[in-house]
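Have a look at the structure below, then the notes.
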Amino acid sequence: MVMAPTSIVKAREDQAELLAAILADSFEHDPVMNWVIPDPSLYHGFFKLLSQQLILPNGHAYLDSQERGAALWLPPGVHFDVPTNWQQIWMVLKLVVKKGFKVLPRLEAVQETMSRLHPTEPHYYLQSVGARQANQGQGVGSALIKQVTRICDEEQLPAYLESSSERNVPLYERHGFETFHEEQLGGNGPTMWFMLRSPRQD
């Protein structure tokens, strides 16, 4: 049964744990995450670090008010660049110990591809959006996307995202995103879809 989404609220500075819990659950079976970080037990730490260090300080982390879903956006002028710190280094070391050195070229491949294709003009960047697995298909993701695409339309700015799963591409297309490039990571890894949305005119 499809449930109507509740209201979307801006996440508070002290809700990094909640954002991480929701997104770690949502991305547990994500093809790109599973390839780059082939240990889902590390996803919570990854999303918490990302939320604390980059997203929450810039004011564009959102939650479904029933805590079913979350979205991490970056506004124009803020680059996707998490400063290297001991938490990040420790996470990579744990990943290497568990999965071997094969993960290092995978991390490099993703970073290189994302950096190369990231738009240079001002835009809103949807870094991550997801609903808990038990709540997928209930309209939560759509509500989270609309929260900022409305801002994009008001400010007449584009929005950008990378889809790490083919099944999500139609969802993004329904919200006005169009694929301008797709690429298989590392030559034999999963495919990513790079998508832009032009602002809608009144």
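The values are calculated or read from the model by the stated rules, or taken from the named source; none is laboratory data. Because the structure is a prediction, the values reported are computed rather than measured. FYI the Cβ positions are ideal-geometry reconstructions off the backbone, even for glycines, and counts take in every protein chain you see. For the accessible areas, the whole protein counts, side chains as well, though only heavy atoms, and no ligand, DNA or RNA atoms are used. Shrake-Rupley method; radii C 1.70, N 1.55, O 1.52, S 1.80 Å.
What is the angle, in °, between the Cα long axis of helix 16-26 and the longest principal axis of the Cα atoms in the chain? Nearest 10 is fine, range 0 to 90.
Orientation of helix 16-26: about 80 degrees from the principal axis.
Using the Karplus equation 6.51 cos²θ - 1.76 cosθ + 1.60 (θ = phi - 60°), what ³J(HN,Hα) coupling, rounded to whole Hz, does each residue of the stretch 112-126 give in order, writing x for Gly and Pro?
5, 5, 5, 5, 5, 9, 5, x, 9, 6, x, 6, 9, 10, 8
Output wanted: per-residue J couplings in Hz (rounded whole) for the stretch 174-179, from phi through Karplus 6.51 cos²θ - 1.76 cosθ + 1.60, θ = phi - 60°, x for Gly and Pro.
Those phi angles translate into 5, 9, x, 7, 10, 6 Hz.
Report, in degrees rounded to the nearest 10, the 0 to 90 angle that the Cα long axis of helix 140-155 makes with the longest principal axis of the chain.
The helix 140-155 is inclined about 70 degrees to the chain.
Largest first, how would Ile55, Ile8 line up by accessible area (1.4 Å probe)?
Ile8, Ile55
Remind me, relative contact order of the chain in percent, using alpha carbon pairs under 8 angstrom and six or more residues apart?
Contact order relative to length: 24 percent.
Using θ = phi - 60° and the Karplus curve 6.51 cos²θ - 1.76 cosθ + 1.60, what whole-Hz ³J(HN,Hα) does each residue of the stretch 40-54 get, with Gly and Pro shown as x?
Using θ = phi - 60°, the values come out as x, 5, 8, 5, 4, x, 4, 6, 5, 4, 4, 5, 5, 7, 10 Hz.
Multiply the residue gap between Phe180 and His29 by 0.36 nm, knock off their C-alpha separation, and tell me the result in nm, one decimal place.
Full extension of this stretch gives 51.9 nm more.
What FRET efficiency do you get for Leu107 and Gln201 if R0 is 30 Å and r is their Cβ-Cβ distance, rounded to the nearest 0.05?
That pair, Leu107 with Gln201, gives E of 0.15.
Rounded to two decimals, what is the ratio between the C-alpha radius of gyration of the stretch 7-63 and 2.2 N^0.38 Å? Walk me through the numbers before you get to the answer.
Details: Rg = 11.6 Å, N = 57, 2.2 N^0.38 = 10.2 Å.
Against the compact-globule rule of thumb, the ratio is 1.13.
Expressed as a rounded percentage, what relative contact order does the stretch 136-202 have, with Cα pairs under 8 Å and six or more residues apart?
37
Ignoring everything but the protein chains, give the 1.4 Å probe accessible area of Glu155 in square angstrom, nearest 10.
For Glu155, solvent-accessible area is about 90 Å².
Rank Pro170, Ser26, Gly186 by how far each Cα sits towards the positive end of the charge dipole of the chain (+1 on Lys, Arg Cβ; -1 on Asp, Glu Cβ) and give me just the farthest.
Most positive-ward Cα: Ser26.
Starting from the Cα gyration tensor of the chain, multiply each eigenvalue by 5, take the square root, and state the resulting semi-axes largest first in whole Å.
25, 20, 17
Would you please give the FRET efficiency between Val169 and Ser115, computed as 1/(1 + (r/R0)^6) with r the Cβ-Cβ distance and R0 = 22 Å, to the nearest 0.05?
Numbers: r = 22 Å, r/R0 = 0.98.
The pair Val169/Ser115 has a calculated efficiency of 0.55.
In whole percent, how big is the carbon plus sulfur part of the accessible area of the chain, probe 1.4 Å, protein atoms only?
In the chain, the share of accessible area belonging to carbon and sulfur is 52 percent.
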